[in-house]
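Read the structure below first, then the notes.
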Amino acid sequence: MSIASSFAGGVDAEGNVAGNVRPGETATTRTATVRVPASTSNLGSGFDCVGLAIDRWLVASASVSEATDEASDRLNDFGNIPLVSIERSGTLHNLPIEPVDDLLYAGFRRTCEFSGVNATQSEISFAVTSTIPVGRGLGSSAAAIVAGAMLANESLSLGLSFAELLVLAADVEGHPDNVAAALRGGATLTIHAGAGYKVTPLTVAPGLAFIIVVPDFQCDTHASRLGLPDTVPFGDAVLALSRSAALVKGLETGDAALLAVALEDVLHVPYRSISVPGFDDVTTAALQAGAFGATLSGSGSSLLAIAPGDLATPTANAMVAAWKQHGVSADTIVSYQPAGASAIIPQENR
């Protein structure tokens, strides 16, 4: 399938930006804006497969233009150096990352590569703002990657499907749970299926509250993965399987006993929680306040509790107070239902 026939004029036959423009755009500039939710993943025993969208958002815009004469001279002098700029605000304001190393651009670039588009021959300007805490296990990296992939798909009229965007974003992220929840919204179960993924929406019973307590320190997801064992005992694997099944059914029914065991993970939490100061005391405080259970949000540093809706506030307060005893300040996010899906923001609403 050729690029010229597949991508509706967004790029030319050599993979360069060209063609059909939208109202308000110039012949040499393509733009798009997207909105992507935060997410919590794993929820205890749903390791690398269960995610839940959270009502915190990243909004990003991209403007893709043909390289100017000055920019072309830079390309000739230094090779295919990406001409990328990013204006950041919100929680990303002080992010100490060069534009070409930003995950927003990584998602954009990977999508271009998949589609045969040469992104290095264009000038790409991003503007991004976010209310998602960074490095706290709330899918800030997944949101950026998803936003970049969606911006490439929309601004260059690539026509990629949800399934293709999911594979591309998961390839950059390294696992699919956060990106699936960020793309589709709601609660999701994502499993490998052939060369791609099968994503199934999970039912969340009414009356549940998801309490996320966000501390004033970060955790490095990559470093936390390096601390996981290469193998686990067979008995632990069997126990993990039963608890992941309990998680899916517990979310659907709100069954207290199922959720209690589902949040007691044996595959990753025991290894990751040791790097989170006060983990045991904060999770114990949640249980004493009436939560069904508590665990890491993603790989941390935030902690997640699931509780009856009427006990959300006392659970959140107890967890914050317990962390304060360890000299840690924390904020809270309380959700009673998952957030919605990522979306393209129409030109007139930007």
Inset, instruction - Determine whether Ser141 is touching a residue at least 60 places away in the same chain (Cβ under 8 Å), touching a Leu at 6+ places or on another chain (Cβ under 6 Å), within 29 Å of Arg225 (Cα to Cα) and of a type in the set (S, T, N, Q). - result: yes
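From the list Thr131, Thr111, exactly one residue is out of contact with any strand residue (DSSP E or B) (no Cβ under 8 Å at 6 or more places or on another chain), among the hydroxyl-bearing types (Ser, Thr, Tyr) and either at pLDDT 95 or above or not assigned by TED's automatic domain parsing to the domain that holds Val179 (or both). Which is it?
Thr111
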Inset, instruction - Would you mind stating whether Asp255 is under 16 Å from Ala307 (Cα atoms), out of contact with any Pro (no Cβ under 7 Å at 6 or more places or on another chain) and surrounded by 14 or more Cβ atoms within 10 Å (Cβ to Cβ)? - result: yes
Legend entry - Residue in the range 163-175 that is over 28 Å from Ser297 (Cβ atoms) and β-branched (Val, Ile, Thr) present: no
Inset, instruction - Test each condition in (1) modelled with pLDDT under 95; (2) among the polar types (S, T, N, Q); (3) in contact with a Lys or Arg (Cβ under 7 Å, 6 or more places away or on another chain) for Ser302 and report the one that comes out false. - result: (1)
Inset, instruction - For Ser122, indicate whether it is crowded, with 19+ Cβ neighbours inside 10 Å, at negative phi and out of contact with any helix residue (DSSP H, G or I) (no Cβ under 8 Å at 6 or more places or on another chain). - result: yes
Inset, instruction - Would you point out which residue out of Ala312, Ala286, Ala322, Ala307 is free of Cβ contacts under 8 Å to residues at least 60 places away in the same chain, farther than 19 Å from Pro133 by Cα and not in a loop (DSSP other than H, G, I, E, B)? - result: Ala322
Inset, instruction - Could you check the range 148-248 for strands (runs of 3 or more DSSP E) lying wholly inside it with 2 or more residues that are farther than 27 Å from Phe279 by Cα? - result: 187-193, 196-202
Legend entry - Test result for Asp177, acidic (Asp, Glu) and surrounded by 24 or more Cβ atoms within 10 Å (Cβ to Cβ): yes
Legend entry - Criterion: within 24 Å of Ala187 (Cα to Cα), surrounded by fewer than 21 Cβ atoms within 10 Å (Cβ to Cβ) and assigned by TED's automatic domain parsing to the domain that holds Gly327 - qualifying residue of Ala286, Ala237, Ala223, Ala291: Ala237
Inset, instruction - Search the range 95-110 for residues that are more than 15 Å from Val34 (Cβ to Cβ) and pair each with any residue that is of a type in the set (Asp, Glu) and in a helix (DSSP H, G or I) when their beta-carbon atoms are under 8 Å apart and the residues are at least 6 apart or on different chains. - result: Arg110/Asp171
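The values are calculated or read from the model by the stated rules, or taken from the named source; none is laboratory data. None of these values were measured; they are calculated from a predicted model. Using ideal geometry, Cβ is built from the backbone for each residue, glycine included, and neighbour counts are taken over all protein chains shown.
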